Every structure is written in structure tokens, then in C-alpha cells.
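Here's the structure we're looking at; comments come further down.
Any read-out appearing in this document is the output of simple, stated calculations on the displayed coordinates, not a laboratory observation. As the structure is a prediction and not an experimental result, all values here were calculated from the model. Methodologically, a virtual Cβ is constructed for each residue, glycine included, from the backbone with ideal geometry; neighbour enumeration extends over all protein chains shown.
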Amino acid sequence: MNIQEELSSQDYRKIDRDHVWHPLFQHQNLEQVDLAIFEEAKGTTITDTDGRQYLDAYSGLWNVNVGYGREEIADAVYQQIRKLPYYPHSQINMPATLLAKQLADLLPGNLDHVYFSNSGSEANETAIKIARQYGRQMYPEQNRYKIISRYRGYHGFTYGSMSATGQSPRRTAFEPLVPGFKHVHPTCVDEIVRTIRWEGAETVIAIIAEPIIGGGGVIVPPDDYFSKLREICDQHNLLLIIDEVITGFGRTGTMFACEHWDIQPDIITLAKGLTSGYLPLSACVATTEVFNAFLGDPGDKQEFGQVCTYAGHPVTCAAGLANLKILTEERLWENATKVGTHLLERLKLLQDFPIVSEVRGKGLMIGVELINADKTNLDTMKTSTIVSQMKERGILIGKISHAADEPENIIFIAPPLILTLDEADQIVETLKDILTSIDC
Ligand SMILES: Cc1ncc(COP(=O)(O)O)c(C=O)c1O
């Protein structure tokens, strides 16, 4: 049976309601909500089964960096599937080797050793485990296992990465979480110094941070934040883990957001833009110093003790290679700077509206924070209304969700890096119209 031809959109919705469990979704309301059924996409435009077209100003989930419909990626995947669809990474496969080399060449400093997995959560899980094993092997006389992370930061849904996450609504139902994670204020670097002192430096092994907090609200750090953080790490022999799952691969106007502040991580985690979402792939990349702590004789059990069936999958790595070729040949981080600066400047003019308290971001990663007349956070329902009115007018944007126990009042704009100036203007004009009519 050709399912697509025989079933209507309503049939799909019915089957979906009966059998699919969607993420972060209250299914009791699904009868009243017609989720879109997206069928195809090209460039920045995505089309549903009713033929409605939308400008995807959220890039799927901050990840379709090169835009939709890139034949080069589809061809690379097809050819690799035909040639070698799978073999575990206990041996070599050519796409994974070449992709690791390219990442090492693109990343700052000597971040030269790549451990592949499938999602941002797994990349962070890997980083956390590398840090803990590193702590045991480098400081056998000490008890270094604690990891400092930040409130509002997001690092993933698996137990370790969720424990690093500083968003209580995403954690509470699953507690108790993994012990040893300490959270600090998202932009106050001095609090990290205090936390290390109070915990005892010899019990801490790493700090994990997004260069710009993404899902927690597009929180850009003060300019000296990361240079101070690096100094703190050096002073106390801590590993600096930088989570570039959202910010990597051109999103903020440089290939990696580290470059804005000249951050030198000991470990960096990458996902989303690594394949622009065409296939699931992530990477945890460590410096030579970190990698060397895992060298030893075969009987020493110094090797990193983790295996993942799909790590370094040849097909996803072939997608990654084709994606990086597009990104680098088209120098898409430059378009993210050009169009992102224009978009940010135009959106900042909306700060004259009483409902807009702040517009912030870098490149094509932008957050717009909304308030009521009495300066309190705009109600979650009203923020959701703005997002759905944008959708009705043909533009998809995102919204903060489950990040803090307070009204959700930040909207996200993170389009594919191929966005044009005209499309940027279209986003601003539509948002402006909608904000003018919202009662706050
Ligand atoms: C900064 C950051 N780290 C990690 C993750 C987890 O990635 P994934 O959803 O691929 O597991 C996300 C997901 O949005 C993220 O934004």
C-alpha cells in the first residue's frame, strides 16, 4: 500500500494521536491542536500537507544551518549507504576518519581527538564521563568528580547531561539525578570561584557551559566572562567543557562561538549544525592533553570506557562531510553575521514597544524578551499566542519552554544561515504587526 496516497491529513492526525508520544506535549490537548504535518522543504521554506508554506525562522530546532533540500547531502548519504551502510567504530571507516580530521582542523587549538555519538545529549554525556575518568587517572590521590554548570543552561535529556542542565522544570520529575553537579548563576563568574572554594577544589573536575545559553533564553555572557572562566579553570586544574551544540557551525557568525571570546576549551561538544539535522550525529572533541591521560598499557584499563553502537556511523559522517563542505564553501557564518546583524538591529528597534524588554543575540541566534505593562514576565499563554500568530502568518519561530519556574516570555529566532535580508525584513515586519496588536 502506498500509505501517503491513501491517507488524508486527518487520517494521519488520528493515527498519530492514537500511537505517537510527542516530546514536551500535553496529549490531553491534542484534540484541540492541529499539529502541522510537514511534508517537504527547500531552502528556508517548509511545506505542509495542505500546501501551506512557512519560512522556518527556527531552523527546525536551531539546527538546519545549511537550509533544507541540499542535494549534495542526500547524494552523499545515498552513495555511502550503498557502499558501506554500517560497521562499528572498533575499526576504521573512511567518512568518520575524514570528518574527525576536518573537525580537528576547524576547531581552535589542539582539540584534535574526536569521539562521535548521535545526539547533543550523548556528546555531553561523553564529555562528563571523560572528565570524571580523567579526574581519577590524573589525580588518583584526590576525589575529583564534581562538575559545575549554570542555571538556565541546557545540556540534554540523558541523566548526566540533564543533571548538568540548570532548568528545574526539566529535572524535577526525574530526581534524584546524578550526584556531583553544582549549579551557579548564568552570568556571574565570581560565583564559580566561591563554589569551588566551598566545595573544595580537590573535589571538582570540570565546568560545563554554553558560550551563549540557547534554550534557557539566549543569554549572552559579559565580554570578560570566558577569559575569567579559563583563568579559574587553569588556577584549579579544572577542565573547561564548552557545549557548542547550538552555537557551533556558523550559527553565531563565526564557525564556533568560542572564537568571539577566544575561548580555549579542553573539551568541546558539537551536534545540530554538524549535519544540519539531516541525520543524527554529534561529537565530543578533546585536546591532546586530555586524550593523553587515557594512554597506557592494554592491561592498565586507562582507555576511555565507553562504547556506542552507532558512534562514527559511516552514513551520518558522510552527511557531516557533505554538510561541512557546503558550510565552508559558502562561508555561511559570514551570511549569519551579515543578515544576523541586520536582523538584530531591526529587532532592537522593537525595544521601543512597551511589550519588548530586550532583544539580544549574536549572528542568527536571537532572543526577544517580552513583558507586561507592569514589567513582569509576559504570560506564557500570550507568548504562545505570538508564536502561533507568527505561524498563521507563515513564519515559524521558537519559544522558551520548561527552562524556569516562571512565565515563559522569550521568543527565539534562529533561521537557517542562508537567510536573505528580505526574509529577515519579513520576520521583523510580521512580528512588529503582531506585537502591536497583543494586549499586555
Ligand atoms: C546547548 C545544547 N546542548 C545539548 C543539547 C542536547 O542535544 P540533543 O537534543 O541532540 O540531545 C541541546 C539541545 O537542544 C542544546 O541546546
> Residue farthest toward the positive end of the dipole of region 71-329, with Cβ of Lys/Arg at +1 and Asp/Glu at -1: which of Ile207, Leu238, His183?
Replying inline: His183
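What order do you get for 356-367, 269-280, 220-231, 77-88 when each peptide is scored by the mean count of other beta carbon atoms within 10 Å, highest first? List each step's numbers first, then the result.
Working: 356-367: 22.8, 269-280: 25.8, 220-231: 16.2, 77-88: 13.4.
Peptide ranking by packing, descending: 269-280, 356-367, 220-231, 77-88.
Quick check on region 71-329: of the DSSP beta bridges with both residues there, what percent are antiparallel, nearest 5%? Walk me through the numbers before you get to the answer.
Values: 11 of 25 bridges.
Counting only bridges with both partners in region 71-329, antiparallel ones make up about 45 percent.
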> Please identify the trypsin sites (Lys or Arg not before Pro) of region 14-76 that satisfy two criteria: DSSP loop assignment and at most 16 other Cβ atoms within 10 Å. Which are they?
Replying inline: Arg52
>> 5 Å is the cut-off here: which amide hydrogens, built 1.01 Å from N in the peptide plane, fall below it relative to Leu239, excluding neighbours closer than 5 in sequence?
In response: Ala206, Ile207
>> Are there any GluC sites (Glu not before Pro) in region 113-221 that are in a DSSP loop and have at most 14 other Cβ atoms within 10 Å? List them by number.
In response: Glu141
> If contacts are Cα pairs under 8 angstrom and at least 6 residues apart, what is the relative contact order of region 71-329 in percent?
Replying inline: 30
> What angle, in degrees between 0 and 90 and rounded to the nearest 10, separates the Cα long axis of helix 120-138 from the longest principal axis of the Cα atoms of the chain?
Replying inline: 20
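So what's the net charge close to Lys42: Lys and Arg +1, Asp and Glu -1, counting the other residues with Cβ under 11 Å from its Cβ?
-2
Provide the net charge surrounding Arg393, with neighbours chosen by a C-beta distance below 12 Å and charges set as Lys +1, Arg +1, Asp -1, Glu -1.
On the way: positive: Arg52, Lys391, Lys432; negative: Glu392, Glu429, Asp433.
Spelling it out: positives minus negatives among the neighbours equals 0.
If you count the DSSP beta bridges with both ends in the chain, what percent of them are antiparallel, to the nearest 5?
If I count the DSSP bridges inside the chain, around 65 percent turn out antiparallel.
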>> What's the magnitude of the charge dipole for the chain around its Cα centre, counting Lys and Arg as +1 and Asp and Glu as -1 at the beta-carbon? Answer in Debye, nearest 20.
In response: 700
> Ranked highest first by the average count of other Cβ atoms within 10 Å around their residues, in what order do 239-246, 163-170 fall?
Replying inline: 239-246, 163-170
>> Modelling each spin label as a point 7 Å along the Cα-to-Cβ direction, I'd like the Thr47/Arg197 distance in nm, to one decimal.
In response: 6.3
> For Thr97 and Lys129, FRET efficiency with R0 = 22 Å and r from the beta-carbon atoms, rounded to 0.05?
Replying inline: 0.45
> What is the sum of charges around Ile147, taking Lys and Arg as +1, Asp and Glu as -1, for the other residues whose C-beta is under 9 Å from the C-beta of Ile147?
Replying inline: +3
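Just to verify a number: FRET efficiency for Val33 and Lys338, C-beta to C-beta distance, R0 = 35 Å, to 0.05? Don't skip to the end; give the middle numbers.
On the way: r = 37 Å, r/R0 = 1.05.
E(calc), rounded to 0.05, equals 0.45.
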> Along region 241-246, what does the Karplus equation 6.51 cos²θ - 1.76 cosθ + 1.60 (θ = phi - 60°) give for ³J(HN,Hα), rounded to whole Hz, x for Gly and Pro?
Replying inline: 9, 9, 8, 9, 4, 8
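Semi-axes of region 260-398's equivalent ellipsoid from the Cα gyration tensor, sqrt of 5 times each eigenvalue, largest first, rounded to whole Å?
Values: eigenvalues 331, 75, 59 Å².
Semi-axis lengths for region 260-398 are 41, 19, 17 Å.
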> Label points 7 Å out from Cα along the Cβ direction at Thr420 and Arg136: separation in nm?
Replying inline: 5.6
> Using θ = phi - 60° and the Karplus form 6.51 cos²θ - 1.76 cosθ + 1.60, what ³J(HN,Hα) does each residue of region 41-57 get, whole Hz, x for Gly and Pro?
Replying inline: 7, 8, x, 9, 9, 10, 10, 9, 5, 8, x, 6, 10, 10, 7, 7, 8
> What is the set of long-range amide H partners of Lys399 at a cut-off below 5 Å, with H atoms built 1.01 Å from backbone N?
Replying inline: Phe412
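Between Asp223 and Leu24, what is the FRET efficiency for a Förster distance of 25 Å, r being their Cβ-Cβ separation, to the nearest 0.05? Could you put the intermediate results ahead of the total?
Working: r = 33 Å, r/R0 = 1.34.
Computed FRET efficiency for Asp223 and Leu24: 0.15.
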>> Just to check I understand the Karplus step: with θ = phi - 60° and J = 6.51 cos²θ - 1.76 cosθ + 1.60, what whole-Hz values come out for region 156-168, glycine and proline as x?
In response: x, 9, 7, 4, x, 5, 6, 5, 6, 4, x, 10, 4
